[in-house]
Every structure is written in C-alpha cells, then in structure tokens.
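Undergrad: So that we are looking at the same thing, I have put the structure below in structure tokens.
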Amino acid sequence: MANQLHIYYGNPTAGYTDGTEASSGTELSPISVTLDASQSEAKAVKCAVRCDTGYYIEGNTTITKIGTNAAKWKVAADDSYTDAADALANATWLDTITLANVAASNVIFWVKAMSDSAESPQNDTSVDIQAEGLVVASA
C-alpha cells in the first residue's frame, strides 16, 4: 500500500493543498536549512502534513525526528506564527509533537535546525522528519 500521509515545505498555507512535498527516503526534495557553522545559529522552516485526497488520520498524527544529529532539530505546533522569526521567538520547541484533524488539507507545523559554533562545516543528511498516524479511507 502506498503512503497516503505526506510532509510539505515551501511556505504551505493552513487548510490548502500547496507546498512542495518533502522527499520520502530519496533525499531528492529534502527540507534544507543552511546555517553558519562559525556561530550558534537556529532557523525555522514552516511545514505541513496532509493526507492524499480520500484519506484522513484517525486520532492524532505524531511528528518527530530521527537520525544521528536529531538533537540539533526540534518541532513545534503552529500557533498562527506570522513568519519564521515569530516561530523561532515564540514557539514551544519539542522533540515530538501531536497534531489533530489531519486530512486532505494542510495542517501546519514548524521545524527548527540548530548549529553549534564548535562544529565543522558539513552537509548533514542524517536527520529525517517523520509523520505517523493511522491512515483511514474517507467514507
């Protein structure tokens, strides 16, 4: 069975079906963040989760991150933040969040990537953002 639950980035709009689908295991369209390795820096990216048309999540959807450097990433539920700076300053950043009412239109969440001034410049592809939930066909 194909995956009917997807993550999007590229400034998606709540309640719509816009955004660029993040790659699923292929790294062809990753959520990408460029940070200055000489500073301790953080950047936020607006993302969305939604199901294919004709499907919804029964119960809640869990958003989390896994991988070697997952500790340098956090996730946050949306609270109508105006932009990435607002989200960075005001969001509650966690390792895992739970979202309700995920169906065929965007439910917004945010991801934050962080750097440490002690680390060397690198292209880190070790972290995956995951969405999990019980996908059900609409009646």
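Undergrad: Please name which of 4, 100, 14 has its Cα lying farthest along the dipole of the chain towards the positive end, using unit charges on Cβ (Lys, Arg +1; Asp, Glu -1) and the Cα centre as origin.
TA: The residue sitting most towards the positive pole is 100.
Undergrad: Sticking with this structure for a sec: Treating only the Cβ atoms of Lys and Arg (+1) and Asp and Glu (-1) as charged, compute the dipole magnitude of the chain about its Cα centre; round to the nearest 20 debye.
TA: It comes to approximately 120 debye.
Undergrad: Once R0 is set to 25 Å, what does the formula 1/(1 + (r/R0)^6) return for the Cβ-Cβ distance between residue 16 and residue 86, expressed as a FRET efficiency to the nearest 0.05?
TA: E(calc), rounded to 0.05, equals 0.80.
Undergrad: Something else now. Over the chain, what relative contact order in percent results from Cα pairs under 8 Å that are six or more residues apart?
TA: 36 percent
Undergrad: Leaving ligands, DNA and RNA out of it, report the carbon-plus-sulfur percent of the accessible area of the chain at a 1.4 Å probe. All intermediate terms of the calculation are to be shown ahead of the outcome.
TA: Details: 3580 of 7690 Å².
Summing carbon and sulfur atoms, their accessible area is 47 percent of the total for the chain.
Undergrad: If you don't mind, another one. So, for the chain, what is the accessible surface per residue at a probe of 1.4 Å, expressed in square angstrom?
TA: Normalised by residue count, the accessible surface of the chain is 55 Å².
Undergrad: If you line up the Cα atoms of the chain on their principal axes, what length do they span on each, largest first, in Å?
TA: Cα spread of the chain along its principal axes, largest to smallest: 53, 31, 22 Å.
The values are calculated or read from the model by the stated rules, or taken from the named source; none is laboratory data. None of these values were measured; they are calculated from a predicted model. We place every Cβ from the backbone using ideal geometry, glycine too, and count neighbours over all the protein chains shown. Protein only, heavy atoms only, side chains kept; ligands, DNA and RNA dropped before computing areas. Shrake-Rupley method; radii C 1.70, N 1.55, O 1.52, S 1.80 Å.
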